Amino acid sequence: MSLILFDFDGVLADTLNHLLQFGQEACDELGVKHTATQDDLNSLEIMSFATYGQQLEVPDHLIDEFVRRCLAKFGEEKSPPEIFAGLDEVIRKLSASNTLGIITGNSSENVKVFLSAHKLDDCVRAIYGVDSPGSKVEKISLAQNQLGVGGETVFMVGDSASDVRAAREAGVKSVAVSWGHQSAETLLRAKPDFLIHSPGELCKIIKEEPCETSSP
């Protein structure tokens, strides 16, 4: 059995277009003259709504309001984001013999709505969202204490260089996914333990089978 911790945006939920749209809308509402692009996300050293706002040139005194507006826009969507193809099956398969959690910069409520919509509620033991205190490193440690049974391998599955660094600092294995918000090149520079290009590869890693890490 392993403890598998997932980031949310860009790993489970296909939210790239949402992030660009909501970031742009928040900037427009706050009078910030910046056009949001995927390059803004790919260049982030730390992936969070606050650092995204900084990258979009939102003034420091408006960052909290930028974050609030972005999260609210996610919550106001009539339907939750799509799940990446094949991930629902992988999540169900992994949850049968492992413990799963989610650590995210999004809100726990938005994640719950997503899991319910995709019928994955019973697969995830705990959600540590932006509404939970602490850094990603601290949340990884908290999840280990609350969900771990001792002695099992712990994996952090993320789509950003900061996810890889957080995993390393917390002393757990990092799995970077290339289908998210940062490029494979950016992820490789952070030196993850594994880099995967399809959800099915995650099952191989958990079973300690060889995993391809070549570019798509």
Tell me yes or no: at least one residue of region 83-91 is in the same structural domain as Lys136 (by TED's automatic domain parsing), farther than 24 Å from Leu188 by Cα and not hydrophobic (A, V, I, L, M, F, W, C).
yes
Got a number for residues in region 164-185 being buried (at least 21 other Cβ atoms within 10 Å of the Cβ) and in contact with a Gly (Cβ under 9 Å, 6 or more places away or on another chain)?
10
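From the list Leu120, Leu71, pick out the single residue that is surrounded by 18 or more Cβ atoms within 10 Å (Cβ to Cβ) and either within 26 Å of Ala36 (Cβ to Cβ) or among the charged types (D, E, K, R) (or both).
Details: Leu120 fails: either within 26 Å of Ala36 (Cβ to Cβ) or among the charged types (D, E, K, R) (or both).
Exactly one of Leu120, Leu71 is surrounded by 18 or more Cβ atoms within 10 Å (Cβ to Cβ) and either within 26 Å of Ala36 (Cβ to Cβ) or among the charged types (D, E, K, R) (or both), namely Leu71.
Can Val113 be described as surrounded by fewer than 21 Cβ atoms within 10 Å (Cβ to Cβ) and part of a helix (DSSP H, G or I)? Spell out how you get there, then give the answer.
Working: surrounded by fewer than 21 Cβ atoms within 10 Å (Cβ to Cβ): yes; part of a helix (DSSP H, G or I): yes.
In short, yes.
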Region 190-203, residues that are surrounded by fewer than 16 Cβ atoms within 10 Å (Cβ to Cβ) and either at pLDDT 95 or above or hydrophobic (A, V, I, L, M, F, W, C) (or both):
Lys191, Cys203
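Among the listed residues Glu25, Glu57, identify the single one that is farther than 20 Å from Ile103 by Cβ, in contact with a helix residue (DSSP H, G or I) (Cβ under 9 Å, 6 or more places away or on another chain) and either at pLDDT below 95 or in a helix (DSSP H, G or I) (or both). Full working, then the answer.
Numbers: Glu57 fails: either at pLDDT below 95 or in a helix (DSSP H, G or I) (or both).
Residue meeting the stated conditions: Glu25.
When region 145-183 is examined, which residues are found to be in a helix (DSSP H, G or I), free of Cβ contacts under 8 Å to residues at least 60 places away in the same chain and either under 26 Å from Leu20 (Cβ atoms) or not acidic (Asp, Glu) (or both)?
Filtering region 145-183 down to residues in a helix (DSSP H, G or I) leaves 145-147, 161-170.
This time we only want the ones that are free of Cβ contacts under 8 Å to residues at least 60 places away in the same chain, so: 145-146, 164-170.
Residues satisfying the conditions are Asn145, Gln146, Val164, Arg165, Ala166, Ala167, Arg168, Ala170.
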Would you check if Glu57 is touching a His at 6+ places or on another chain (Cβ under 7 Å) and more than 22 Å from Gly75 (Cα to Cα)?
yes
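The values are calculated or read from the model by the stated rules, or taken from the named source; none is laboratory data. Every value quoted in this text rests on a predicted model; they were computed, and no experiment measured them. Glycine gets a Cβ as well: all are built from the backbone with ideal geometry, and neighbour counts include every protein chain shown.
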